[in-house]
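Report on the structure given below.
Here, each number is a calculation from the coordinates, and none is a lab measurement. This one's a predicted model, so the numbers in the text were calculated from it and none came from an experiment. Here the Cβ positions follow ideal geometry from the backbone for every residue, glycine too, while neighbour counts run over all protein chains shown.
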């Protein structure tokens, strides 16, 4: 489960890049030394574009890159599409560089 509580449509959701979401989103720019925490500024965005579907619908991705102050932890911020059917286990799928994540779920409310 991505979010600890139900998320309304049209809200931004942060998708952690952990094992239950996606294991890695590839290179970022600017680069960060391996094993070093990501600084707060600037934002370290993925080189390859990341797409997200929520409930089978394309979500607008606002950010895809490294999480500030963590070493090697990615996150994706996306807007839950307004037409997603609410439910307790709405599927979320990420895609980057031709690779598709296994689906994870989140609760979506009206």
Of 34, 97, 71, the one that fluctuates the most in a GNM where the chain has Cα springs shorter than 10 Å: 34
In nm, spacing of pseudo-spin labels at residue 71 and residue 97 (7 Å Cα→C-beta vector): 2.1
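For the chain, what is the percent of antiparallel DSSP beta bridges, rounded to the nearest 5? Please list the in-between numbers first.
Numbers: 29 of 31 bridges.
Of the beta bridges lying entirely in the chain, close to 95 percent run antiparallel.
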Debye-sum result for the chain in log10 I(q)/I(0), which assumes one identical scatterer on each alpha carbon, at q = 0.22 Å⁻¹: -1.14
Cα-projected label distance for residue 110 with residue 40, points at 7 Å along beta-carbon direction, nm: 4.1
